[in-house]
1. Restrict the check to region A:276-294 and report whether at least one residue is over 27 Å from A:Val600 (Cβ atoms) and not polar (S, T, N, Q).
2. Could you tell me how many of the residues in region B:625-637 are surrounded by 16 or more Cβ atoms within 10 Å (Cβ to Cβ) and touching a helix residue (DSSP H, G or I) at 6+ places or on another chain (Cβ under 7 Å)?
3. Just need a number here: residues in region A:653-679 that are without any contact (Cβ under 8 Å) to a residue 60 or more places away in the chain and open to solvent by 30 Å² or more (accessible area, probe 1.4 Å).
4. Would you point out the residue of region B:222-244, among those that are open to solvent by 20 Å² or more (accessible area, probe 1.4 Å) and of a type in the set (D, E, K, R), that is modelled with the lowest pLDDT?
5. Answer yes or no as to whether B:Thr62 is open to solvent by 70 Å² or more (accessible area, probe 1.4 Å), away from chain A (no Cβ under 14 Å), among the hydroxyl-bearing types (Ser, Thr, Tyr) and over 33 Å from the mean Cα position of the chain (by Cα).
6. With respect to B:Ala458, is the statement that it is open to solvent by 20 Å² or more (accessible area, probe 1.4 Å) and either farther than 19 Å from B:Ala591 by Cβ or not aliphatic (A, V, I, L, M) (or both) true?
7. Restrict the check to region B:165-181 and report whether at least one residue is open to solvent by 10 Å² or more (accessible area, probe 1.4 Å), among the hydroxyl-bearing types (Ser, Thr, Tyr) and either within 13 Å of chain A (Cβ to nearest Cβ) or in contact with a Pro (Cβ under 6 Å, 6 or more places away or on another chain) (or both).
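The values are calculated or read from the model by the stated rules, or taken from the named source; none is laboratory data. This is a predicted model, so every value here is computed, not measured. No Cβ is skipped: glycine too gets one built from the backbone with ideal geometry, and neighbour counts run over all protein chains shown. Note: accessible area is taken over every heavy atom of the protein model, side chains too, but ligands, DNA and RNA are not part of it. Shrake-Rupley method; radii C 1.70, N 1.55, O 1.52, S 1.80 Å.
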There are 2 protein chains.
Amino acid sequence: MNAEIRRAGLDALFRPGSIAVIGASDDPRKIGGRPIRYMLEAKSAVKVYPVNPTRSQVQGLTAYPTAAAIPDQVDQAIIAVPARQAEAAVADACAAGVRSIVMFSAGFAEAGDEGAAAQTRIMKMIRDAGARMIGPNAMGSFNTVDRVFSTFSTAMDRGTPAVGRVGMVSQSGAVGSYLQNLVISRGMAISKFVATGNEADVQAAECLEWMAQDPDTDVLMLYMEGCRNGPALIGALRTARRMKKPVIVFKAGRTEAGQTVAASHTGALAGSVQVFDAVLREAGVYSCQTLTEMVDVTYACAQGRLPVDKTLAIVTVSGGVGVMSTDAAMEAGIALPPVSEATLAEIQKELPLAVGLNPVDTTAQTVGDRAMLTRAVERVLRDRPFGSAMLFFANAGRNARDMEILSGPLRALRAEFPETQLALCVQTTPEFRSQIEELGYLVFEDPVFCVKALAAAAELSAVRRRPLVTPQIEALAPVVLTSSPDEARSKELLAAAGLHFAQERVAANADEAAAAAEAMGYPVVLKVLSPQIAHKSEVGGVALNLADATAVRAAFDRVVSNAAAAAPAADIRGVTVAQMIRGGTQTIIGAHRDPTFGPVVMFGLGGIYTEVLKDTVLRTAPVTHEAALEMIRSIRAFAILDGARGQEKADLDAIAGAIVRVSQFIAAQGPEVESVEINPFIALPEGGVGVDALIQVKA
Amino acid sequence: MNAEIRRAGLDALFRPGSIAVIGASDDPRKIGGRPIRYMLEAKSAVKVYPVNPTRSQVQGLTAYPTAAAIPDQVDQAIIAVPARQAEAAVADACAAGVRSIVMFSAGFAEAGDEGAAAQTRIMKMIRDAGARMIGPNAMGSFNTVDRVFSTFSTAMDRGTPAVGRVGMVSQSGAVGSYLQNLVISRGMAISKFVATGNEADVQAAECLEWMAQDPDTDVLMLYMEGCRNGPALIGALRTARRMKKPVIVFKAGRTEAGQTVAASHTGALAGSVQVFDAVLREAGVYSCQTLTEMVDVTYACAQGRLPVDKTLAIVTVSGGVGVMSTDAAMEAGIALPPVSEATLAEIQKELPLAVGLNPVDTTAQTVGDRAMLTRAVERVLRDRPFGSAMLFFANAGRNARDMEILSGPLRALRAEFPETQLALCVQTTPEFRSQIEELGYLVFEDPVFCVKALAAAAELSAVRRRPLVTPQIEALAPVVLTSSPDEARSKELLAAAGLHFAQERVAANADEAAAAAEAMGYPVVLKVLSPQIAHKSEVGGVALNLADATAVRAAFDRVVSNAAAAAPAADIRGVTVAQMIRGGTQTIIGAHRDPTFGPVVMFGLGGIYTEVLKDTVLRTAPVTHEAALEMIRSIRAFAILDGARGQEKADLDAIAGAIVRVSQFIAAQGPEVESVEINPFIALPEGGVGVDALIQVKA
């Protein structure tokens, strides 16, 4: 299917001129009645054609026996019939020439083999017709701007939603619908919504891409359980970043048990949690763990103003809230630059017990006159520019008298500091909440949630300002491999890609071993060479730290006879003689091909750090040198490379260079190259060197 | 002050028969007017005597010029005068013979040296009078059962609070007041409340102890920034546990920046975060990081029913919510035991697309008739006993028709499963929320918060069932030390307390060294012995792995001459000869005296694990053997001791035994012994042995 058809199908999904509702119901509460009711209620300009062979009218509209019988161009068909009638309905829709189908019907791939087969047949019809489909088993989509409601979501029982600028993509209809309600309850409104159901055709990533380009959408929410097309998701997230639209993501299925439930729910392979996390982190999105957090952060981004930097002022009537908010700010990575002592002294003229330079605690002195509070806030905000400010005014928002006193000064503050994101943290009634919001303030109840949301908005804003770097895949010649190469060949291939390894030679006898050692310089290591012996140490097949030719000759005889004794059937071909690397820190540089997201590169310290403490970091490959340095710095044990406990600092640029080379190597290979591992890669005070390497090829 | 006076003072704080309000105001909005207004509004039976020299009546009550002039026994005085009049007011209260003072007045220790001096003078008067005081700078206390409102909290502007069973202790008045509002908004009610202000006399821990024993209080909330009396806090938490009352704690000041703000706020030393965490964990309380979490968990505990075990059933109309709730359950440590396939098959008779054994996802099939949902829930709960159940019914709670259908079946479920904690997770209106709560259900909006709160309640319930073990301090003879002993003496003292060390002897010359080695067996280690040389390796003063007498003699000469060359002024007394311990894993066992909580014991792996990865665990000392085993198992790197990467498993009982001995040792010592460290303690496959030890004594 070409890109134009793909795109036209999505246009016809979100912005159709006409819709046929196959399985239209006269009952406005039934699934087949709801979209008609919603569009009638919304006074939609979209032409709606009910299709129902048993009625001439549906909800007051002329009904047609089939979609093909509609005497008009039909852009979209909604299918709301039982599963057994769905194939006929799709055939009808295709005959009517629709570009897009929204399939509510359930009982397909999610319901077992028979359903999966039906889904495959339906997809063939749709592909042949050059159309696109949302679903099956989808709650559908809507577009508040153009009043298109191709959904049976009961969230519309609150009334068809107002026009807003938040785009929402959900793999779960019920989660999307619930989120929609939470978003509306928070005073926000949605531009476009889609719940993608079984994703037989259109997937969440493609919808996100469409919304990222939609001029009516400013902020994107994505609920996801698993991704069927990693590159499409990465692409959509990059488009959002290029369009400077914050993306707030809830990825469910973080635990093994959660992934099992996800697999039986949306059927999408949940994939590696660590790789998914890496993709989201690289994309600069905000990842949430609760719906509350998701709504909070969206709310902080959706008011048309994002913090210009990562600084926060806190003015509070409660010292305790100052303490917990400071904890939250430190943990969320937003700075609390102090105001001057002179500013505090000014505040103390009116509020003698006021304390602190940021947070500024006005204490309970303002209970009698809340206007003293806003004067203190003004002094703080005049002291220096702040990206955001949180004003904790306790219960002021419950109280008509306080609100009367405060609304004028709050309006004046808003006008005086147009650049600063202002949030009021108060307990409030719904009415006062709306009033405060209309003044241009965010309103939160929980101070820690407030700080976290402001910090998230500041970070999403910072991401928008950072340049979007696309690491180029170098034109390395891909190696052609039909089976996994041995260690020596793996090193050759990686050395050709620019990696450095300890010098190493094969020696068939003691004389050759001694000559090799003389040529490369002492000390050296001898390792027995035999395709049958994988664990060389265990058979006594390794000799370390050999200082001269005599030692090398003796060691040759010893390791070969040890190996022969331990593995009598092994074909012993001699030894490898290698430079012995002294000092440094053992690290691991690896790469593998993730089934969803493709090549990724991994870094960690050797041995226990990786195997027991799981102290590793991943990125999609290839990476830039800067990204590789970030990877190195992000591991918990980084201090070990940075000279902890009196050790020499490792050459971080050398490690980063090796990570870049491995990432370019895997990115250049065909899909048959499954993984690469340099273990250990010894990080030295100057440079670094690989000691062992393995490339694994798909069998 | 004896315990009886202390206790009588708290009784007079929370349950006075009569109160003098010094600084009484006729204006019911002023700080000195509010408590009178609250008690009048609440039709309190407490006798309230306004004290105001300029008025004969205050808010309709007869006023007195001084408290001493009141012709009645006065149990409590509230002081609501400016700081400069506060000393006179205290003198008056003492003259009136009060047992308890609630001091609203601010401007004391929190306001600088002058205020601190005034606070000291006030405390002397109060001690001399045998009274107790809350404050100064305190928001005060209240008792809803007996209608005592010794507070100026504006939270009462919503009306004097109803009688409930939640006790609340807060070091911050504004946080307490805000929390009180959040608790009331959540449909709960408070029994006793206190905000302790400057804590010149009565501290938070003592109030918690009082409430733990209060028959009208079932659940305890504690907001704390720093603890002035660690043993009192530990005692109060133990009382709460003995009385089987869940305690929910918010400890603010987790970060360094937060601690700095806390120090200027409540003035209480924030103390070591790690020790505070250990104390709370050992006490079996629930620690929160947000006010929302604190209110959620209290809510889950305050309905008179706690989960009988840590099992959770999830029935959901949304598969996606099933996924995120499963993640949350796994992370919160509550189990999701599956129902039988037969039960699912029963459910599928009515809901053919239903899927999953726990969570059970009914899908969107119940949109038309929500009663199908409760029938599914009944089948799940009949399948096997569950401690808790979360029913995710999406937007059902917004909808009058759904509520009409659901309320009968929900009532029937509640009656059929009286033991199970039932929570409904829905978006709802305030009216429907109350209706559902009246049926005996908890109501949450965020499914992850719901699961976390149910898991917390289940854990708090499990804590109540576990026996409260008090490790006895053994009658070890305390050592008398005036300065820190050297390594050899440290080991002697610890060996006398039951710890094992590698054998070691002092040798003044090469012959003595060889003789010592012969006696203890090879291999041995030699270390130069000099009070001036602390870092022996750095001067070449250590020789490892010496296999015979010749090697020992040579090594003696080498380490002594190396040391002499490196430190010509050092008094070199010879060497120590020690058994060389091969294999095993280096651990650290330490103990120190926390300024707040007293002796604590620490365990971690040696070197980088402790110094760089901070992978250590603390407990208050002494510990039981079981507690020591829990400590060992709780470190991140535990797998290293448990045989990861083909290593031999360490003898955990031997490590635990050593931890117990160190914990008993520090607990038996006087305050001059500041710390003990055995580093390394080598954990072996059988047994374990200390290699180096140091006891530090206060200079």
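1. Keep residues of region A:276-294 that are over 27 Å from A:Val600 (Cβ atoms), which gives A:290-292.
Adding the requirement that they be not polar (S, T, N, Q) leaves A:291.
Yes - at least one qualifying residue is present in region A:276-294.
2. 5
3. 1
4. Going through region B:222-244, the residues open to solvent by 20 Å² or more (accessible area, probe 1.4 Å) turn out to be B:228-229, B:231-232, B:234-235, B:238, B:241-244.
With the extra rule that they be of a type in the set (D, E, K, R), the set shrinks to B:228, B:238, B:241-242, B:244.
Numbers: B:Arg228: 90, B:Arg238: 95, B:Arg241: 95, B:Arg242: 94, B:Lys244: 94.
Only one residue fits best here, namely B:Arg228.
5. On the way: open to solvent by 70 Å² or more (accessible area, probe 1.4 Å): yes; away from chain A (no Cβ under 14 Å): yes; among the hydroxyl-bearing types (Ser, Thr, Tyr): yes; over 33 Å from the mean Cα position of the chain (by Cα): yes.
Yes.
6. Working: open to solvent by 20 Å² or more (accessible area, probe 1.4 Å): no; either farther than 19 Å from B:Ala591 by Cβ or not aliphatic (A, V, I, L, M) (or both): yes.
Considered against the rule, which asks whether it is open to solvent by 20 Å² or more (accessible area, probe 1.4 Å) and either farther than 19 Å from B:Ala591 by Cβ or not aliphatic (A, V, I, L, M) (or both), B:Ala458 comes out as no.
7. Looking only at region B:165-181, we keep the residues that are open to solvent by 10 Å² or more (accessible area, probe 1.4 Å), and these are B:165, B:173-174.
Narrowing further to those that are among the hydroxyl-bearing types (Ser, Thr, Tyr): none.
No.
Residues are listed down the side, and each one gets a yes or a no for (1) in a strand (DSSP E or B); (2) more than 19 Å from A:Asp146 (Cβ to Cβ); (3) charged (D, E, K, R); (4) without any contact (Cβ under 8 Å) to a residue 24 or more places away in the chain:
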{"site": "A:Gly167", "(1), (2), (3), (4)": "yes, no, no, no"}
{"site": "A:Ala174", "(1), (2), (3), (4)": "no, yes, no, no"}
{"site": "A:Gln180", "(1), (2), (3), (4)": "no, no, no, no"}
{"site": "A:Asn198", "(1), (2), (3), (4)": "no, yes, no, no"}
{"site": "A:Ala205", "(1), (2), (3), (4)": "no, yes, no, no"}
{"site": "A:Met211", "(1), (2), (3), (4)": "no, no, no, no"}
{"site": "A:Pro215", "(1), (2), (3), (4)": "no, no, no, yes"}
{"site": "A:Ile234", "(1), (2), (3), (4)": "no, yes, no, no"}
{"site": "A:Leu237", "(1), (2), (3), (4)": "no, yes, no, no"}
